[in-house]
Amino acid sequence: MTKNIAVIRGDGIGPEIIAQALKVLDRIGEMYGHTFTYTDVDMGGCAIDKYGDPLPSEMLEKCLASDSVLLGAVGGNKWDTLPGHLRPEKGLLRIRAGMGVYSNNRPAKIWPQLASASPLKAEIVQKGIDLIIVRELIGGIYFGEHKTEGDRATDLLTYTEAEIERIGRIGFETARKRRKKLCSVEKSNVLDSSRLWKKVLHRLAEEYPDVELNDMLVDNCAMQLVKDPSQFDVIVTENMFGDILSDEASMITGSIGMIPSSSLGAGSCGLYEPIHGSAPDIAGKDVANPIGTILSAAMMLRYSFDMSAEADCIENAVSAYLDEGCRTADIMSEGCRLVGCTECGDIITANLKR
Ligand code: IPM
Ligand code: MG
């Protein structure tokens, strides 16, 4: 198969981690007889520097014309003082909305080799951590009206029933393919938007009698994630709660650097990105962990290109790399071998076996 992938290297460590993922994809192409072509897309701080716009419209067009988009990371201190609509992050939000990818899937799973990298106590980790956060990605407070007037600033959090229903369905469908437990996370003791969320989720539950639905307030969920993450299978939640909880969920598995994500809408063209940021403090030093990006590429093969054997092959190669005791600095522990970003990509590429 031939697939055209739009590649957004972005800022900070973005270019380094993307280079490793492309190396892996090229080798997968050779092994399985696929051709992956790459179209570079400028987005984020680098696009602000070049064009004065974090996402010029022709860049979005390139993404829409592709079979899927692979993104490194965007942002950095350099652009922190720009007004909201000109920040690198705005490019990311515009690409998500422009592609209509409302469903963001963030798996947090403990790799057995990394159990000791989790900050949680061993007895908690031993119970198992294998959950997915299904985050609504193109609605809520991220996309409501933002305004500052004098000494007052406002950000509006709005959801319609239709927006809640389509992400709710993804939550139920995801749970159905797993351990059939769905936790709907909201703040219905305070927010109207959350009360609507809860109502729609319960209405949907009638269509999914095989899935067990429970409700959890977001503050309690933040606590339960560190108290006993083994209780969770699939969490479905609105945009900002999902942003916050997915950082927390990633850390309990050892490192945010390991976690990939997929964002999908109506079609098969998806946006795939690690959940971490551009880490400007370590950019250009060849020390970043590229695994979140490499695993995002694997998700792209699995969910957008229907290449599950190829995706398994990448995941197995990552596992073999960890078995060999190789670690980037973020997950380094005693007795392991410290490797850099490029070497990590080389080892995982060499580990690809059919
Ligand atoms: C994420 C990031 C983004 C978000 C930022 C960079 C806008 O934190 O993907 O989790 O908040 O969605
Ligand atoms: Mg985030």
Worksheet, complete the sentence: Residue pairs qualifying under the 7 Å Cβ cut-off, at least six apart or on distinct chains, with the first in the range 318-339 being without any contact (Cβ under 8 Å) to a residue 60 or more places away in the chain and the second being of a type in the set (S, T, N, Q) and open to solvent by less than 40 Å² (accessible area, probe 1.4 Å), are ALA320/ASN351; TYR321/ASN351; VAL339/THR328
Item to complete: Have a look at ASP243, ASP233 and point out the one that is among the acidic types (Asp, Glu), more than 24 Å from TYR321 (Cα to Cα) and away from ligand 1 (no atom under 12 Å from the Cβ).
Response: ASP233
Practice prompt. Identify all residues within the range 170-192 that are within 25 Å of PRO260 (Cα to Cα) and surrounded by fewer than 18 Cβ atoms within 10 Å (Cβ to Cβ); write none if there are none.
Written response: GLU173, ARG176, LYS177, ARG178, ARG179, LYS180, LYS181
Discussion item. One residue is enough: does the range 280-302 have a residue meeting the conditions within 16 Å of ligand 2 (Cβ to nearest atom) and hydrophobic (A, V, I, L, M, F, W, C)?
Written reply: no
Item to complete: Of all residues in the range 23-51, count the ones that are in contact (Cβ under 8 Å) with a residue 40 or more places away in the chain and open to solvent by less than 40 Å² (accessible area, probe 1.4 Å).
Response: 10
Practice prompt. Of the numbered conditions (1) out of contact with any strand residue (DSSP E or B) (no Cβ under 7 Å at 6 or more places or on another chain); (2) within 16 Å of ligand 1 (Cβ to nearest atom); (3) open to solvent by 50 Å² or more (accessible area, probe 1.4 Å), SER255 fails exactly one; give the number of that condition.
Written response: (3)
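Open to solvent by less than 30 Å² (accessible area, probe 1.4 Å), over 21 Å from the mean Cα position of the chain (by Cα) and without any contact (Cβ under 8 Å) to a residue 60 or more places away in the chain: does that describe GLY144?
Numbers: open to solvent by less than 30 Å² (accessible area, probe 1.4 Å): yes; over 21 Å from the mean Cα position of the chain (by Cα): yes; without any contact (Cβ under 8 Å) to a residue 60 or more places away in the chain: yes.
For GLY144, the condition - open to solvent by less than 30 Å² (accessible area, probe 1.4 Å), over 21 Å from the mean Cα position of the chain (by Cα) and without any contact (Cβ under 8 Å) to a residue 60 or more places away in the chain - is met.
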Worksheet item: Which ones in the range 52-61 are free of Cβ contacts under 8 Å to residues at least 40 places away in the same chain and surrounded by 22 or more Cβ atoms within 10 Å (Cβ to Cβ)?
Response: MET59
Practice prompt. Kindly establish whether LYS3 is open to solvent by 30 Å² or more (accessible area, probe 1.4 Å), on the phi < 0 side of the Ramachandran plot, in contact with a strand residue (DSSP E or B) (Cβ under 8 Å, 6 or more places away or on another chain) and among the basic types (Lys, Arg).
Written response: yes
Worksheet item: Restricting the range 86-129 to residues that are under 28 Å from LYS62 (Cβ atoms) and open to solvent by 40 Å² or more (accessible area, probe 1.4 Å), which is nearest to ligand 1 (Cβ to nearest atom)?
Response: GLU89
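The values are calculated or read from the model by the stated rules, or taken from the named source; none is laboratory data. If you're wondering where the values come from, they're calculated on a predicted model, not measured in any experiment. Cβ sites come from the backbone with ideal geometry, for glycine too, and all protein chains shown count toward neighbours. Accessible surface areas use protein heavy atoms only, side chains included; no ligands, DNA or RNA. Shrake-Rupley method; radii C 1.70, N 1.55, O 1.52, S 1.80 Å.
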